[in-house]
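First comes the structure, then the notes that go with it.
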Amino acid sequence: MIRVGVNGYGTIGKRVADAVAAQPDMKVVGVTKTSPDYGAEAAIQRGYDLYAAIDDRSGAFEDAGLGIAGTLGDLLDAVDVIVDCAPAGVGERNRPTYEAHGVSAIYQGGEDAALADGSFNARGSPEISDADSLRVVSCNTTGLSRLLAPLEEAYGVEKARVTLVRRGGDPSETDRGPINDVVPDPKTVPSHHGPDVNTILPDVDIDTAALKAPVTGMHTHSVNVTLDEQPTSAEVRELLRAEARLFLIPEGSGIDGAGTLKDYAADVGRPRGDLWENCIWEESIRAEGRDLYLFQNVHQEADVVPENVDAIRTLASDASREASVTRTNEALGVGL
Ligand code: NAD
């Protein structure tokens, strides 16, 4: 059993905890919170042992009537792998603590690539051995890596150009925006997402540009890839359909955006209405000469979750990538 702790029980952390708990070869030893808010209460209700992320806040949990099992140090003493799901940049501050406890660590995409021994995506990264830490790349980079890896293998990618329409904030982020505009990011063109994809797929030539929109559900990517070869649209659809973590939205399904996608996910019983897969409109997959076009949506709260599970196995087991992905997908029910 791989013993796992989650440091930072927020949007990503609570989902990672549930995904780890679903794995037959893993156990959630506990999760941390910085304060005794509704998330802390929910963690206890879900059966997780709660630890104080910051030592001198332990009393606040007791005052709020929430029993804690200890502090972060106690959790680190009891795990093989800690998954850092603290806000972007906080992982860097936490690293010395993890190292002092000799614990393998996984960081999220908000951290600099240099923080960990390597960046990770289960589809795009090569097999990794001898790493003590990994950074699971961001939701957008995860979605792009899963898409571009099979295209590169099958046809070669001469150049990828992607426009990312980013959600303004997650549903629980009541202080984010915009609320009444679509805001381009003119200062960073091309955006940082392309170089981040290169931490996973170093040989893919990719440029990206990003805008923020007043939505919370999902990111939307408008993708144009110039390939080395000239596959037909049907061939590309078959190639992408074979990828377990890509969902091709069928023509005629009535799914026309993030609203209907999330509704579908909830209807089929997905926890929290989560979509772990890239959601690609099948009709939009058009090959014209060497140019390929498509639209995909990425559920920012969810797509990195199975990747975190595979990153844990990479650090703490001998399982091959293929075996880990199969196991993760089966345990969670990835694949629509
Ligand atoms: P979040 O704000 O929803 O959750 C972070 C949690 O960490 C909160 O519960 C917060 O209280 C807690 N925290 C704060 N300081 C802490 C500390 N010192 N130690 C431990 N916990 C602390 O953030 P999130 O959206 O889950 O993002 C976490 C990481 O995942 C970031 O690196 C982010 O860039 C990345 N990520 C986020 C998304 C997304 O869309 N939400 C997608 C992919 C990757």
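The values are calculated or read from the model by the stated rules, or taken from the named source; none is laboratory data. Note that the structure is predicted; figures quoted are calculated from it, not measured. Reconstructed Cβ throughout: ideal geometry from the backbone, glycine too, with neighbour counts over all protein chains shown.
As a summary of the residue check, residue 71 satisfies the conditions (1) buried (at least 24 other Cβ atoms within 10 Å of the Cβ); (2) without any contact (Cβ under 8 Å) to a residue 24 or more places away in the chain except for the one numbered (1). The single residue among 204, 223 that is closer than 21 Å to residue 137 by Cα and in contact (Cβ under 8 Å) with a residue 60 or more places away in the chain turns out to be 223.
Annotation note: of 256, 205, the sole residue that is surrounded by fewer than 17 Cβ atoms within 10 Å (Cβ to Cβ) and either under 25 Å from residue 335 (Cα atoms) or of a type in the set (Lys, Arg) (or both) is 256.
Kindly evaluate residue 288 against the criterion of being within 15 Å of residue 244 (Cα to Cα), more than 14 Å from the chain's Cα centre (by Cα) and free of Cβ contacts under 8 Å to residues at least 40 places away in the same chain. Even if it seems obvious, please write down each step before you answer.
On the way: within 15 Å of residue 244 (Cα to Cα): no; more than 14 Å from the chain's Cα centre (by Cα): yes; free of Cβ contacts under 8 Å to residues at least 40 places away in the same chain: yes.
For residue 288, the condition - within 15 Å of residue 244 (Cα to Cα), more than 14 Å from the chain's Cα centre (by Cα) and free of Cβ contacts under 8 Å to residues at least 40 places away in the same chain - is not met.
Of the candidates 145, 129, 191, the single residue that is modelled with pLDDT under 95 and among the polar types (S, T, N, Q) is 129. Taken over the stretch 279-336, residues that are among the hydrophobic types (A, V, I, L, M, F, W, C), in contact with a helix residue (DSSP H, G or I) (Cβ under 8 Å, 6 or more places away or on another chain) and more than 19 Å from residue 266 (Cα to Cα) amount to 9.
Among the residues of the stretch 102-112 satisfying the criterion of being more than 11 Å from residue 135 (Cβ to Cβ) and buried (at least 16 other Cβ atoms within 10 Å of the Cβ), which is nearest to the ligand (Cβ to nearest atom)?
First pass over the stretch 102-112, keeping only residues more than 11 Å from residue 135 (Cβ to Cβ): 102-104.
Now drop any that are not buried (at least 16 other Cβ atoms within 10 Å of the Cβ), which leaves 103-104.
Details: 103: 14, 104: 17 Å.
Only one residue tops the list, namely 103.
Among the residues of the stretch 301-318, not one is free of Cβ contacts under 8 Å to residues at least 12 places away in the same chain and among the small types (Gly, Ala, Ser). Could you check the stretch 9-24 and list, in sequence order, the residues that are more than 13 Å from the chain's Cα centre (by Cα), over 14 Å from residue 329 (Cβ atoms) and not hydrophobic (A, V, I, L, M, F, W, C)? Once the filter is applied, which keeps residues that are more than 13 Å from the chain's Cα centre (by Cα), over 14 Å from residue 329 (Cβ atoms) and not hydrophobic (A, V, I, L, M, F, W, C), the stretch 9-24 yields 9, 10, 18.
The numbered conditions (1) near the ligand (Cβ under 10 Å from one of its atoms); (2) without any contact (Cβ under 8 Å) to a residue 24 or more places away in the chain are all true for residue 96 except (1).
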